[in-house]
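Here the structure comes first, spelled out in structure tokens, and everything after it is commentary.
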Amino acid sequence: MNNIFVYCETEEGVVADVSLELLTKGRSLADKLGCKLEALVIGSKLNGVEKNLFPYGSDVVHVADDPRLSPYTTLPHTSIVVNLFKKEKPQIALMGATPVGRDLGPRVSSALYSGLTADCTSLEIGDHEDKKAGKTYKDLLYQIRPAFGGNIIATIINPECRPQMATVREGVMKKEIRSENYKGEVKKLDVASMVSPEDFVVEIIERHVEKRKVNLNAAPVIVSGGYGMGSRENFKVLYELAEVLGGEVGASRAAVDAGFADHERQVGQTGVTVRPKLYIACGISGQIQHRAGMEDSAQIIAINNDPGAPINSIADYVINGDVLDVIPKMIKYYKANTK
Amino acid sequence: MTTFKIIVLAKQVPDTRNVGKDAMKADGTVNRAALPAIFNPEDLNAMEQALRIKDQYPGSTISLLTMGPGRAADIIREGLFRGADDGILLTDRAFAGSDTLATSYALSRAIAQIKNFDLIICGRQAIDGDTAQVGPQVAEKLNIPQVTYVEEVLDINKKGTTVKRRLDNGVEVVKVPVPSVITVTGSAPACRARNARLIMKFKHAKTVTERQDANEDYLSLYNERPYLNIQEWTVNEVEVEHEQLGLSGSPTKVKKIENVVLQAKEAKMIEPSDAEINLLMKELIDSHTIG
């Protein structure tokens, strides 16, 4: 009882990275709290799914397997989560801040009357003293997230209501296997007793889901362009450098809005959060929304011709110059030095 | 002729997208006065979807519902200028400090009062919090289905609404029974501009509080032209349980707010010369950062 639950998303039986990242985080929170970590998977054809979840430290994997549960629709998934949570009374429940998690989370929180914090960038355990009420709360979940367009960082708590719910975007937490031999227990849920026929009133008429073409999270090097690149045409040098270095091309929101790069390449608070070994920011001024998505990169090179650009203050190397002049030189000398 | 009764939920928000240099004070705190209050962008996308239904089914009505302080009446006028039929401002000190759950409770109680609606449309999320929670929570409180991330309403009839959803890696076409809540994403078509005729018609539209401060000469207008009355509802006008409102109705509490102040680190300055870039690439290769 009172364990940590992670709602795990699947697409065609494959567990989403964000769910594995949350299990990793959930495992470390569970260690701190001395409780169990339980995974919940809802979908169809889920035979053997637990094999992917135990290594991340799941003590229990709840499986709701029914052909009607895939693809995701709001109401049946809500009913299963709500019924399970009423029975198991988790103290913490985590979901991905994905179209599914952001559809399901608020619905569940409303039904259970529990607090939900969206898009957390950090989760910690800590105490809280309510001086006015003269009450002290032990071991609450600190849900830390940017607000106000990223200009402030707020720590949110749910002192009274359970579960303490939070969503987290993909790439924000690290995915780490606890042990290949981690042993847990599978609990098959009796779906029929948890959903009602009215839960299936929403009908999916058509569905086209493509495999993601760009995977910024997996790239060791990201060459990212901003509005300062000036055009889609000028982005070509970034693709050339990325290819030579074995990396991917990212973009700031301003560059995406201007049509220089596609949305799936957007790095930042409203895009993808990345932490590559090397992040090369080209013609990016470094608004806080952008920095929030890349400042944990191991090394940052900023290339631009504005000595006052905010990005320069978090960079390890600043090259004050013209991107279209600098990048070809980087390609040339990378090749020269790796021969 | 079939008509539909649509409720659009909207929020007045500080324009956090255009945070200029003067919007942050030297100590790193937000200078709210420097941020203009605007109609939440995705709520305008939602408004456009409602207007398209009204175009297609003349006689359909759009009521704009917003919760906020008195000045939020501005966005109701903004909605009227673009084609909404009427507006309700839900405003009371009792709502202050609401988190998303207390907000959705208050909105759902107001909606329950409006009754007989076919569709509730709102933006997916507001730019001041980016939570995307109020739409689904309103749907849950009203016990009706929801569809989020909607890009286009493809068809509506008295049985159901068919919508196209825009997901991370694809699209979905979904049919949801009437009534439902749909939340519209920013990739949906932009809202049409204000209509000059409607600006003339509604420019004096005011709430009762605003009218009290208005020029005496105009007061008779509001009896002659009832459409100029923006309804203002307080906790007295909606059936609510007070403990579910405001701070007491909010499970989440803000423990701490930190301002984001850049911690400048010492960057190595590199000249864009061949020699220096050569050295940089060597250094990165030697440290196994690349290569």
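A short reminder: the numbers here are calculations on the coordinates, not readings from a lab. None of these values were measured; they are calculated from a predicted model. FYI the Cβ positions are ideal-geometry reconstructions off the backbone, even for glycines, and counts take in every protein chain you see.
Considering the Cα positions of chain B, please state its Rg to one decimal place and its Dmax as a whole number of Å.
23.5, 82
With everything on Cα atoms, drop me the angle between helix B:274-286 and the longest principal axis of chain B, reported from 0 to 90° to the nearest 10.
Value to nearest ten degrees: 90.
Restricting attention to the alpha-carbon atoms of the protein assembly as shown, what are Rg (one decimal) and Dmax (integer), both in Å?
That works out to 25.8, 86 Å for Rg and Dmax.
Between region A:293-320 and region A:263-284, how many Å separate their Cα centres?
Here the two parts' Cα centres lie 12 Å apart.
May I ask you to list the residues of region B:71-87 whose amide nitrogen lies under 11 Å from a point 7 Å from Cα along the Cα→beta-carbon direction of B:GLN231?
B:86-87
Compute the distance in nm between two label points, each set 7 Å from the Cα along the Cα-to-Cβ direction, one at A:LYS339 and one at A:ARG232.
For the pair A:LYS339/A:ARG232, the computed spacing is 3.7 nm.
With a point put 7 Å past each Cα toward its Cβ, work out how far A:GLU129 is from A:TYR239 in nm, to one decimal.
Going by the 7 Å Cα→Cβ label model, 5.9 nm.
Please average, across the residues of A:326-338, the number of beta carbons from any other chain that are within 10 Å of each residue's own beta carbon, and give a whole number.
5
About the Cα centre of region A:32-190, how large is the charge dipole given +1 on each Lys and Arg Cβ and -1 on each Asp and Glu Cβ? Please answer in debye to the nearest 20.
Taking the Cα centre of region A:32-190 as origin, the dipole is about 120 debye.
Per the helix-only calculation at 222 nm, which mean residue ellipticity applies to chain B, given -39500 (n - 2.57) for every DSSP H run of n ≥ 4 and division by its residues, nearest 500 deg cm²/dmol?
After summing the helix terms and dividing by the residues of chain B, the value is -8000 deg cm²/dmol.
Once both labels are modelled 7 Å past Cα along the beta-carbon direction, what's the B:ASN259-B:ASN143 spacing in nm?
Going from the B:ASN259 label point to the B:ASN143 one covers 4.9 nm.
On the Cα set of chain A, report Rg and Dmax in Å, please.
22.2, 69
If all Cα-Cα distances of region B:90-243 are sorted into 10 Å bins from 0 onward, what percent lands in each bin, rounded to whole numbers?
9, 29, 32, 24, 5, 1
How far, in degrees from 0 to 90, does helix B:100-114 lean away from the longest principal axis of the Cα atoms of chain B, to the nearest 10?
Approximately 20 degrees, to the nearest ten.
What is the local net charge at A:LEU75, summed over the other residues whose Cβ is closer than 12 Å to its Cβ (Lys, Arg +1; Asp, Glu -1)?
Once all neighbours under 12 Å are counted, the net charge is -3.
In whole Å, what is the distance between the alpha-carbon centres of region A:36-109 and region A:147-221?
8
Send over the Kirkwood Rh of region A:216-337, from the inverse of the averaged 1/r over different Cα pairs, rounded to one decimal Å.
After inverting the mean inverse Cα-Cα distance, the result is 13.7 Å.
For chain A, find the longest principal axis of its Cα atoms and tell me its angle to the long axis of helix A:101-112, 0 to 90°, nearest 10.
Here the helix axis deviates by roughly 30 degrees.
Is there a quick way to get the dipole size of chain B? I mean about its Cα centre, with the Cβ of Lys and Arg at +1 and of Asp and Glu at -1; what is the value in debye to the nearest 20?
So the magnitude is around 780 debye.
Can you list residues from other chains, or at least 5 along the same chain, whose modelled amide H is less than 5 Å from the amide H of A:ILE280?
A:ILE222, A:VAL223, A:SER224, A:ILE301
Using 14 Å as the cut-off for backbone N distance, which residues of region A:148-180 belong to the label zone defined by a point 7 Å from the Cα of A:ASP31 along Cα→Cβ?
From region A:148-180, the list is A:174-180.
Within 10 Å, Cβ to Cβ, of A:THR117, how many net charges do the neighbouring residues add up to if Lys/Arg are +1 and Asp/Glu are -1?
Once positives and negatives cancel, what remains is -1.
Pull out the extension gain between B:LEU247 and B:MET269, defined as 0.36 nm times the separation in residues minus the alpha carbon to alpha carbon distance; nm, one decimal.
Answer, rounded to one decimal: 2.9 nm.
Take the Cβ-Cβ distance between B:ASN116 and B:ARG194 as r, set R0 to 25 Å, and report the resulting FRET efficiency rounded to the nearest 0.05.
After rounding, the FRET efficiency stands at 0.30.
Using Cα-Cα distances under 8 Å and only pairs 6 or more residues apart, what relative contact order does chain A have, in percent?
Relative contact order, chain A: 14 percent.
Could you work out the per residue convex hull volume over the alpha carbons of region A:4-200, in cubic angstrom?
Cα convex hull per residue, to the nearest whole number: 120 Å³.
For the residues A:ASP262, B:ASP15, B:ASP99, what sequence is obtained by ranking on other C-beta atoms within 10 Å, fewest first?
Final ranking by Cβ density, sparse to dense: A:ASP262, B:ASP15, B:ASP99.
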